[in-house]
């Protein structure tokens, strides 16, 4: 390939969901640009979301999580530098300083920069937190360490935090035969995803499967010598062989902050509709960036793989000189924990109240097939509706199956500003082995209409 | 035909590091992309191919393939003059996904330096080994 001296230089810091998507989108818009990705990890282009399922054994090996092998980067002419850490951004000179695996420093010039530095596992200031053996699950090496501990004969685990990572990993541990105790500071599990009434259904299912769940218990101290052997939580001493810190993640913004790139109200990197930061030609995407929630219009840092790739696609196009807008976030998300699926889109009732939105809710318990059809599983749909406009602003579903595509349908409904009155008349599909004649989404809308009378 | 990690590698072809295959047919060669390449690109929606008469050079781009997700240069595996272009693959790029080695061929080239250039390509045995190291 001949060197093109006029080629645009696009630099991406980070090479997972958001970074690779940005680089790919940039390549689609500009066939001659010099596109470089740097990542401090040894592996690029893998799925973080898949990590718990390698630990659980559903996926045979961590290398199966690689979505983009080196051939992909070769085919798209993306210059990938692994084990290379970006240490400084100079937005005046348009230069990023990096240190490669040999320790050599290099200055990379850019015309457009995409920051996709992700997020780091968060550890609250708990006494004894410097002890060895407190694991977290964020990257491939973390996953390998945890799996190694399991395979080296760990019999019990304490998980701190009842978010998606904590619960999905807890399920994986139980599937590997470990005894699991989960400690959560708040009164419910999945507090960022579900209202308490819906979370209770998931919690009961997990308890039936043998997970010991302790809510309203704050981790006060890590016990043991150099190596952690137990925790104090709510005045109770809990010992285990394996400790997983799943308190949540925080946007990794240090590089941006040091370069004078402003953060927004969510403490992630502030962006406009083009995913451009307050500094011209510098974009931010994925877990380190914020974007407006479609309902509250407030900036949020959603930290989901789905949002990361959507950010990336928009920023990559803009970085290459094309035009694209990111519409905003509903933060639709689903998970599967043993035989229960849970999903959310838009706001929970609690999140709506916090945003000053008055809501009416309705929840319907139904089955995934006609009630008389063998194998019908329970499914519960909860809708959250804004009182004055009667628009649907959120939905949560917990059930044995059929959750994801209902969440998607309700996400579309919210994005198109559908009212609960329209949903109550909606046309849905039915056959005895597949659904009830009245879909529970429609019945939940009917319930809310009655409450609005 | 063998399958390496779910990727088809037919015998009797030469292969390049840039995911192309070459079939020697008398004094001409037929070129296309490998099964591995089409699986990386996924559903191909656009194939930009040269016109007959165009000179192509080994290791240099002669066209572009675009899928929903990706875009990739076609890199010539041998040098020569394009004699024929697969119009069917151009109008129905899905042929590249469905049948990359037969119906999805891309160009027929009259080579200018074939014997020397074939030495730069992989034969079947080498291509099988190469595919094993590619990752899915």
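Computed from the coordinates by the stated procedures, all read-outs in this text should not be read as laboratory data. Fair warning: this is a prediction, and the values are worked out from it, not measured in the lab. Please note: Cβ atoms are built from the backbone with ideal geometry, for glycine as well, and neighbour counts cover all protein chains shown.
What spacing in nm lies between the two simple spin-label points modelled at residue B:90 and residue A:338, each 7 Å away from Cα in the Cβ direction?
Each label point lies 7 Å from its Cα, and together they span 6.1 nm.
How much FRET efficiency would the formula 1/(1 + (r/R0)^6) give for residue A:429 and residue A:388, where r is the Cβ-Cβ distance and R0 is 41 Å, rounded to 0.05?
It comes to 0.80.
What does the convex hull of the alpha-carbon atoms of the stretch A:346-422 project to on average, in nm²?
5.2
Roughly how many whole Å is it from the C-alpha centroid of the stretch B:63-127 to that of the stretch A:105-145?
The stretch B:63-127 and the stretch A:105-145 have Cα centres separated by 42 Å.
Which value in nm describes the separation of the simple spin-label points at residue A:450 and residue A:208, placed 7 Å from the Cα toward the beta carbon?
Here the answer is 2.6 nm between the modelled labels.
What does DSSP give for the protein assembly as shown in terms of the percent of beta bridges that are antiparallel, rounded to the nearest 5?
If we restrict to bridges inside the protein assembly as shown, about 70 percent are antiparallel.
Under 1.5 on a/c is rounded, so check that first for the stretch A:1-125, then, if it is not, pick prolate when a/b is larger than b/c and oblate when it is not; a ≥ b ≥ c are the square roots of the alpha carbon gyration tensor eigenvalues.
oblate
Testing the spin-label approximation: label points 7 Å from Cα along Cα→Cβ at residue A:358 and residue A:372. State their distance in nm.
Calculated label separation equals 4.5 nm.
Please state the shape class of chain A: rounded when a/c is under 1.5, otherwise prolate if a/b exceeds b/c and oblate if not, all from the C-alpha gyration tensor.
oblate
Can you put B:46, B:101 in order, fewest other beta carbons within 10 Å first?
B:46, B:101
Taking 0.36 nm per residue of separation and subtracting the Cα-Cα distance, what length does fully extending residue A:186 through residue A:417 add?
Between residue A:186 and residue A:417, full extension yields an extra 79.9 nm.
Springs between alpha-carbon pairs under 10 angstrom, Gaussian network model over chain B: which of B:99, B:73, B:27 fluctuates most?
B:27
Take the eigenvalues of the Cα gyration tensor for the stretch A:56-202, scale each by 5, and report the square roots as semi-axes in whole Å, largest first.
Ellipsoid semi-axes (Å, largest first): 36, 20, 18.
In µm²/s, what is D for the stretch A:225-289 at 20 °C and 1.002 mPa s, where D = kT/(6 pi eta Rh) by Stokes-Einstein and Rh is the Kirkwood radius from Cα pairs?
146
Can you pull the three principal axis extents for the Cα set of the stretch A:289-366, in Å, largest first?
The Cα atoms of the stretch A:289-366 stretch 49, 35, 18 Å along the principal axes, largest first.
Per residue and in cubic angstrom, what volume does the convex hull of the Cα atoms of the stretch A:320-453 have?
Cα-based convex hull of the stretch A:320-453, divided per residue, equals 144 Å³.
Taking Cα atoms of the stretch A:123-247, Rg/Rh with Kirkwood Rh, to two decimals?
0.94
Under the rule a/c < 1.5 gives rounded, and otherwise a/b versus b/c splits prolate from oblate, where does chain B land using the Cα gyration tensor?
Because a/c hits 1.5 or more and a/b fails to exceed b/c, chain B counts as oblate.
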